[in-house]
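Before any comments, here is the structure.
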Amino acid sequence: MEPMSELTDDAPYRAGFACFVGRPNAGKSTLANAIIGSKIAITSSQPQTTRHVVRGVLHRPDSQLILVDTPGMHKPRTLLGQRLNDLVRQTWSEVDVIGLCIPADEDVGRGDRFISGEIARLKATVIAVVTKIDLVHRDRLARQLAAVGQLADFAEVVPVSAVSGEQVGLLVDLMSKYLPPSPQLYPDDMITDEPEQVMIAELIREAALEGVRDELPHSIAVVVEEMSVRPPEEGRPVTRIYADLYVERQSQKAIVIGHKGSRLKHVGSTARREIEELLGTRVFLDLHVRIAKEWQRDPKQLRKLGF
């Protein structure tokens, strides 16, 4: 890895777009959240969690790094899967820097080689990011770095841990270095350009996914039907949110609701805390679980649910 050159007064201001790619569960969303310092992308221990492109903006004195979060590239089994892959490829073609995430605790595999080949033809600068280094010993990490280095001619190979923060700052320095000279693209106070309702729906879906990773496949979609702010009777204002959770079958609805509604109540309280932190108001959250049969394969249902 070449040494970082020190900033000089005449160094150009740089701004541009970057994204992390990799097979599902390579740590892309967690790393994006660690860099921006705010929860911009849903994270879960299940693959294929991210469905929306979420931009997070990192403001620095010398640069503005705009992170685009994409779904993981995977072999599509549904119409939803095909649309997600199209979204990924479109995003890849528009960014300046791509970080290929490969976890340190798993051998380099066919998925990594496939994605590496897909992005090799793009104009973007590609940096290999070996993630989850807090999970492995140094000898294992050394072997993984060597294996990753043989995949392609990367501009850099950087080991990081989003959980401990190790080397995250170095990764940001390197990604910023490869951005094009450009004036600022987003205002100083912007952290993400996602509409609030989309972020709220993602927080609810994240809460609904927790604890059912072995029982429930990725069949949950969330739509915020209504959202309004009421003036406070005392203290902070109250945001009232009415949202529907869609699943594909009655058996899945029973799982989400839980015994006598206990699970849905837990989902609501978990999501409400996250939403209150996001909005800075008290939140009243009303959740209903509905069935949309085979929605992942139905174009009409996909449109209704925002895909």
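The values are calculated or read from the model by the stated rules, or taken from the named source; none is laboratory data. Bear in mind the structure is a predicted one, so any value in this text is a computation, not a measurement. Neighbour counts run over all protein chains shown; Cβ positions are idealised from the backbone, glycine included.
GLU210 - would you say it is closer than 27 Å to GLY56 by Cα and either modelled with pLDDT of 85 or more or surrounded by 18 or more Cβ atoms within 10 Å (Cβ to Cβ) (or both)? Step through it out loud before you land on a result.
On the way: closer than 27 Å to GLY56 by Cα: yes; either modelled with pLDDT of 85 or more or surrounded by 18 or more Cβ atoms within 10 Å (Cβ to Cβ) (or both): no.
Judged against the criteria, GLU210 is not a match.
Check LEU100, LEU179 and return the single one that is over 17 Å from LYS28 (Cβ atoms), in contact with a Ser or Thr (Cβ under 9 Å, 6 or more places away or on another chain) and buried (at least 21 other Cβ atoms within 10 Å of the Cβ).
Just one listed residue meets the conditions, LEU179.
Can you confirm whether segment 269-278 contains a residue that is without any contact (Cβ under 8 Å) to a residue 40 or more places away in the chain and either of a type outside the set (D, E, K, R) or closer than 13 Å to SER219 by Cβ (or both)?
yes
If you go through segment 259-305 one residue at a time, how many are among the charged types (D, E, K, R), over 12 Å from ILE204 (Cβ atoms), part of a helix (DSSP H, G or I) and in contact with a Leu (Cβ under 8 Å, 6 or more places away or on another chain)?
The number of residues fulfilling the criteria is 1.
Name every residue in segment 237-258 that is out of contact with any helix residue (DSSP H, G or I) (no Cβ under 8 Å at 6 or more places or on another chain) and either buried (at least 20 other Cβ atoms within 10 Å of the Cβ) or in a helix (DSSP H, G or I) (or both), in order of residue number.
Taking segment 237-258 and keeping what is out of contact with any helix residue (DSSP H, G or I) (no Cβ under 8 Å at 6 or more places or on another chain), we get 237-238, 240, 242, 244, 249-254.
If the condition is that a residue be out of contact with any helix residue (DSSP H, G or I) (no Cβ under 8 Å at 6 or more places or on another chain) and either buried (at least 20 other Cβ atoms within 10 Å of the Cβ) or in a helix (DSSP H, G or I) (or both), then GLN250, SER251, GLN252, LYS253, ALA254 are the ones that fit.
Identify all residues within segment 105-141 that are outside any helix (DSSP H, G or I), over 23 Å from the mean Cα position of the chain (by Cα) and either in contact (Cβ under 8 Å) with a residue 12 or more places away in the chain or not assigned by TED's automatic domain parsing to the domain that holds PRO159 (or both); write none if there are none. Explain how you work it out, then say what you get.
Restricting attention to segment 105-141, the residues satisfying the condition of being outside any helix (DSSP H, G or I) are 105-109, 121-132, 136-137.
Checking the rest, the ones that are also over 23 Å from the mean Cα position of the chain (by Cα) come to 121, 136-137.
Passing the criteria: only VAL136.
What's the number of the only condition in (1) surrounded by 14 or more Cβ atoms within 10 Å (Cβ to Cβ); (2) at pLDDT below 95; (3) closer than 23 Å to LEU65 by Cα that VAL157 fails to meet?
The number of the failed condition is (2).
Residues are listed down the side, and each one gets a yes or a no for (1) crowded, with 22+ Cβ neighbours inside 10 Å; (2) in a loop (DSSP other than H, G, I, E, B); (3) modelled with pLDDT of 90 or more:
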position	(1), (2), (3)
LEU67	yes, no, no
GLY81	no, no, no
ARG143	no, no, yes
ALA152	no, yes, yes
SER164	no, yes, yes
